[in-house]
Amino acid sequence: MTDLNLTELTPFIGAEVHDVNLGAPMSDETFTAVKRAVAERSVLLFRDQDLTPQSHIDFSSRFGALEKHVLQDFCLDGHPEIFVVSNIMENGKHIGAFGGSKEYHSDLAYISEPSKGSVFRCLECPDGEGETEFVSLFAAHDALPAEKRAWLAEQSAVYDYVWDYSRRQTQRPPLSDEQIHNTPPVTHPCVRSHPETGRKTLFLSPIWIRNFEGMSEEDSAPILKELTDFATGPDFSYRHSWRAGDVLIWDNRSTLHKACPFDEENSRRLMHRTTITGEQTVR
Ligand code: OGA
Ligand code: MN
């Protein structure tokens, strides 16, 4: 078994991986070790990487097929697998998804087979702001009071992308009929087993959850808020300060993340994301 040279970022989430060049050919042994480290540490950081859109896609594809995002306007020309996250405007148009993701979520939790993980590459980020914050849903799960954990183990949540989009995305154009058709509400268990390790994790991506299954929106909201406040507290979190050349892989099955604010009027931030297709959620 190959051992990676790792430095943990916190005791419960994250590790920096040294001496791995993601743009160069990687042996199956090293790739297997990277994949295992993602499953165990939930977030992996690789510094000073020199990727192109194509090498970013090639590396990411080893984890599985890549998603093509519902918002195709924000994907890179000629590379529909790359979702651009940026505040930059060219020719009067945003080149990427902007002003979003500032609330905790897990990518594509609103589809029936939510993403396994995302590979996020920093091309430009202002100093001292625009960080990304993560929480470990493994750690949050393990720290829940036993009674709440047992209750949640039996619950499912209804995710509704279209409902959420219509209540918040005032800066973005309305969804087309096709986009609406392609993103119907879905249900996921609130606690799932990690497919690679079997470890139990909370699985809650609060922004898209409309209600707990079998419960009204009104009754669900305070419970969801209490759980979200608990899970996203400082005890389970890691905040990543970006440098150009950073690549972060996060496991969407065991983490939440959100973008931290920055001066969107005057600074430039440019990130590329690939999103790995997932599997069914299993209790
Ligand atoms: C994302 C995302 C956070 C950030 O691209 O999935 O949530 O810090 N990004 O831009
Ligand atoms: Mn995201």
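The values are calculated or read from the model by the stated rules, or taken from the named source; none is laboratory data. Keep in mind that this is a model prediction, so the values were computed, not measured. We place every Cβ from the backbone using ideal geometry, glycine too, and count neighbours over all the protein chains shown. For accessibility, only protein heavy atoms count, side chains too; no ligands or nucleic acids. Shrake-Rupley method; radii C 1.70, N 1.55, O 1.52, S 1.80 Å.
Values for this structure:
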{"item": "Inter-residue pairs, beta-carbon under 9 Å, first basic (Lys, Arg) and in the range 213-237, second outside any loop (DSSP other than H, G, I, E, B), 6+ apart", "result": "LYS225/PRO206"}
{"item": "ASN182 vs. criteria more than 16 Å from ligand 2 (Cβ to nearest atom), touching a residue at least 12 places away in the same chain (Cβ under 8 Å) and open to solvent by 70 Å² or more (accessible area, probe 1.4 Å)", "result": "yes"}
{"item": "Residues satisfying the stated conditions in the range 97-118, i.e. within 12 Å of ligand 2 (Cβ to nearest atom), in contact (Cβ under 8 Å) with a residue 60 or more places away in the chain and of a type in the set (A, V, I, L, M, F, W, C)", "result": "LEU108, ALA109"}
{"item": "Only one of LEU45, LEU22 that is surrounded by 17 or more Cβ atoms within 10 Å (Cβ to Cβ) and not in a loop (DSSP other than H, G, I, E, B)", "result": "LEU45"}
{"item": "Flag for GLU124 being closer than 18 Å to ARG269 by Cβ, open to solvent by 50 Å² or more (accessible area, probe 1.4 Å) and touching a helix residue (DSSP H, G or I) at 6+ places or on another chain (Cβ under 6 Å)", "result": "no"}
{"item": "Meets criteria (part of a strand (DSSP E or B) and either closer than 18 Å to GLY198 by Cβ or within 12 Å of ligand 1 (Cβ to nearest atom) (or both)) for VAL119", "result": "yes"}
{"item": "Among residues of the range 17-46, those that are under 22 Å from THR201 (Cβ atoms) and not hydroxyl-bearing (Ser, Thr, Tyr), counted", "result": "13"}
{"item": "Answer from ILE249, ILE276 - the residue that is within 27 Å of ASP229 (Cα to Cα), away from ligand 1 (no atom under 11 Å from the Cβ) and open to solvent by less than 10 Å² (accessible area, probe 1.4 Å)", "result": "ILE249"}
{"item": "Some residue of the range 206-226 being within 16 Å of ligand 2 (Cβ to nearest atom) and in a loop (DSSP other than H, G, I, E, B)", "result": "no"}
{"item": "Residue within the range 203-220 that is under 15 Å from SER42 (Cα atoms), touching a strand residue (DSSP E or B) at 6+ places or on another chain (Cβ under 6 Å) and surrounded by 15 or more Cβ atoms within 10 Å (Cβ to Cβ) present", "result": "yes"}
